[in-house]
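Notes follow once the structure below has been shown.
None of the figures in this text is laboratory data; all of them are computed from the coordinates on show. Keep in mind it's a predicted model, so treat the numbers as computed, not measured. Reconstructed Cβ throughout: ideal geometry from the backbone, glycine too, with neighbour counts over all protein chains shown.
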Amino acid sequence: MLAMASDGPAAPDPTAAPDPTAADEVLVGLSRLIDQAQDESIAVTSRIVAVIAARNYLEALTRRLVTEAREQGTTWEEVGRLFGTSAVNAKARYGDYNDYGD
């Protein structure tokens, strides 16, 4: 059995407020991907990978925000309007396939 050192860093408090710098770090990471995508000194294939990574991040963020909006009472009709599509299309893309409510 391994002994834990008592002078090591303390475990993070799960009840503590989120670290505001965490959001900043995400934005810095996204900004670096954008910079990499625009850097003509980097191989084009690497620039494509940076764009794909940025796009995947933004898609995940969009899904999280749609979920949050739905939890706050936004209807699928409203979500659809934001994306310039119908409620059915918005729910098909961002909704829970197991949820047959509105």
Of the conditions (1) farther than 19 Å from Tyr94 by Cα; (2) out of contact with any Leu (no Cβ under 7 Å at 6 or more places or on another chain), Ala50 clears all except one; give me its number. (2)
Find the helices (runs of 4 or more DSSP H) located wholly in segment 35-102 whose residues include 3 or more that are more than 19 Å from the chain's Cα centre (by Cα), on the phi < 0 side of the Ramachandran plot and among the charged types (D, E, K, R), and list them. 76-82
List the number of the failed condition for Glu25; all other conditions in (1) surrounded by 12 or more Cβ atoms within 10 Å (Cβ to Cβ); (2) within 13 Å of the chain's Cα centre (by Cα) hold. (1)
